[in-house]
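The values are calculated or read from the model by the stated rules, or taken from the named source; none is laboratory data. Nothing here was measured: the structure is a model prediction, and the numbers come from that model. Please note: Cβ atoms are built from the backbone with ideal geometry, for glycine as well, and neighbour counts cover all protein chains shown. Side chains included, ligands, DNA and RNA excluded: accessible areas come from the protein's heavy atoms. Shrake-Rupley method; radii C 1.70, N 1.55, O 1.52, S 1.80 Å.
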Amino acid sequence: MLLGMLAGCGRMLPVGGRGDLIEYTVSKGETLYSISWRYGYDHREVAAWNSIPPPYSIFPGQRLLLIAPYQRNAKPRRNIATAPAKSTPPTSPRGAPVAKPAVVASTTIRRPSSTQSSKKLEKPPTRHQQKSVAWRWPSKGIIVSAFSPSKGKKGLDIRGKLGQNIIAAADGKVVYSGNGLIGYGNLIIIKHNDTYLSAYGHNRRLLVKEGSVVKQGQKIGEMGDSGKDGVILHFEIRRDGKPVNPMPYLPRRKN
C-alpha cells in the first residue's frame with residue numbers, strides 16, 4: 001500500500017524481494033529532477049546510483065534504482081543479488097559432477113562522492129550564507145501555512161488572487177514543468193545551481209517549459225486554486241535535495 005501511494009505516475013517495485021531497494025519505472029513527462037524531488041533525493045544521488053551522466057536525460061520505460069523511502073535512515077545493503085554460498089558440487093546418480101549454477105552478477109548502488117557519508121541536519125543558513133543565490137519572494141500574499149516538516153509542510157503556502165503573477169525567485173533553468181507530482185497541481189521546478197532548487201505549485205497556467213532559462217523576477221506562472229486550500233502558491237526551496245525553510249533565504253518583507 002505504501003509503495004502504491006508513493007508511486008505517483010511511475011511504477012515502483014521491490015528489487016528481487018529486497019525491501020531496501022526499489023525499481024522505479026519512468027513514465028512519460030517525468031524527469032530525473034521530478035522523480036528525485038518526489039522522494040526527497042538529491043538528483044545527483046539518483047544519477048550516480050544509475051550511472052546517468054549530465055544532463056541527466058531519462059526516457060519513458062527506463063528503470064531506475066532507488067533506496068526505499070522508509071529505509072532512508074538505514075544503511076543500504078550493497079548488492080541487489082549475491083552469489084550462492086560455496087558448497088560441494090552435487091553429483092549425478094552415476095557419480096559425474098553436475099555443472100555449477102551460474103553466478104548472478106551483483107549490481108552495486110553507487111553514491112556520489114559528495115554524499116558518501118551521511119550528512120547531519122544542517123542549521124538554516126543566515127541571509128549571508130546562500131551559496132551565491134540571491135532570492136526574492138515569488139509572489140505577494142499572506143503566508144497561510146509555514147514550513148513544518150513534522151507536519152508534512154515542506155515549504156510555504158502563500159494566499160493570493162486567482163491569476164496573480166508568480167515569478168522566479170532567482171535566476172535558473174526550468175527542469176520540470178507539468179502536473180505529474182501528486183499534491184502539487186501544475187508545478188514548476190527551477191534549478192539555480194548544483195545546490196539549490198525551487199518549486200512553485202498550484203499554478204493556474206504554466207508559462208515556461210522545461211529547458212527554459214529564466215531570470216529572477218520573470219513571470220513563470222499564474223496562481224491557481226488548489227481546491228483544498230483555495231487560491232495559493234506552494235513555494236519550496238531544496239538544498240541538496242532536502243526541503244529547507246525558505247524564510248532565512250528570502251528578504252524581509254516590509255509591513
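Among the residues making up the range 206-247, those that are in a strand (DSSP E or B), touching a residue at least 40 places away in the same chain (Cβ under 8 Å) and open to solvent by 10 Å² or more (accessible area, probe 1.4 Å) are VAL213, LYS219, GLU222, ASP225, VAL231, HIS234, ARG239, LYS242, PRO243, VAL244.
Within the range 21-48, can you find the residues that are open to solvent by less than 10 Å² (accessible area, probe 1.4 Å) and either over 21 Å from VAL174 (Cβ atoms) or without any contact (Cβ under 8 Å) to a residue 12 or more places away in the chain (or both)? Correct list: LEU21, ILE22, TYR24. For ASP194, the conditions (1) in contact (Cβ under 8 Å) with a residue 12 or more places away in the chain; (2) more than 23 Å from TYR41 (Cα to Cα); (3) open to solvent by 20 Å² or more (accessible area, probe 1.4 Å) all hold with the exception of (2). Evaluated against (1) open to solvent by 80 Å² or more (accessible area, probe 1.4 Å); (2) among the β-branched types (Val, Ile, Thr); (3) at pLDDT 95 or above, ILE166 falls short on exactly one condition, (1).
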